[in-house]
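All remarks here apply to the structure that follows.
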Amino acid sequence: MRQDIRIGLVVPHATDRLPAEAAIMYPGVKFIPRGVGVKALTPEGYDSAWEGIVPAAQELAGQGVDAVMALGTSLTFYRGYAAHTRLVEQLRDVTGLPVSTMSAAVVEGLRSLGARRIGVCTAYADEVNERLRAFLVASGFEVLALEGFGLERFNAPSEKSEEDIIALAGRVCAEARRAEGLLISCGGLRTLAVGKTIEDTYGVPVVSSTPAALWTAVRLVGESGRVPGYGRLLDA
């Protein structure tokens, strides 16, 4: 991988904070974060942060990055499929760069694995879960089962253990026995180390928010994104 790659990350935190997975997956890439300040995992908690996504991306473009990725799965899908499509177009227009979002990344990841019928695990409460379901259906997926942790406090997903995530995945896989893939949605959930365990246990490929977004981000600049040992998406 080239050692001069600079990727701008619009992050949902109030501060310019990088996800820990960035240094683990791609230590040679310079990721530059810009926070937009999600207040809660609710539509009202996303609203002001949504308005900050495009200005943050424009600011990152001014710093000479090679591409821009907007993190925050629910932040980028909660207004629906059409609004997400317009957001990506706006990001491309104002930056003049390759761009994507965490929501687009999980869709790309699932498609790359050939998964159309899916089970879904999330951090979210019911209203956001239903918005995710609608976004996924509009993106061409059949959602066989969806269960969330029911969280609304912004930092709450990071408090869930790997064991909690694996247990939730087990419940969803038991309900969605015909699933061709499992989505774990929420960048705040620590999923990098659990994807392969879930795949080995339940025999279904896993796509999760932060690994998929970083994988997509480096692919925007022509890299493969391959990081062996973390499951089928990153092994490919």
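Taken together, the values in this text are just the output of simple stated rules run on the coordinates, not laboratory data. Keep in mind it's a predicted model, so treat the numbers as computed, not measured. Ideal geometry is used to build each Cβ from the backbone, glycine not excepted, and the neighbour counts take in all protein chains shown.
Here are some notes:
- Helix 209-219 vs. the chain, principal-axis angle (Cα, 0 to 90°, nearest 10): 50 degrees
- Simple spin-label estimate for ARG171 and ASP200 gives 2.5 nm between the two label positions (7 Å along the Cα-to-Cβ direction from each Cα).
- Relative to the current alpha-carbon distance between ALA134 and ALA83, full extension at 0.36 nm per residue lengthens the span by 17.1 nm.
- Over the stretch 105-209 - Rg/Rh using Cα atoms and the Kirkwood inverse-distance radius: 0.92
- Angle of helix 43-61 to the longest C-alpha principal axis of the chain, folded into 0 to 90 degrees and rounded to 10: 40°.
- The mean sequence distance of close C-alpha pairs (under 8 Å, at least 6 residues apart), as a share of the length of the stretch 105-209, puts its relative contact order at 34 percent.
- The separation of the stretch 88-159 from the stretch 177-209, counted between C-alpha centres, amounts to 13 Å.
- Cα long-axis angle, helix 102-112 against the chain (0 to 90 degrees, to the nearest 10): 60 degrees
- Computed over the chain: relative contact order in percent, which uses C-alpha pairs under 8 Å that are six or more apart: 19 percent
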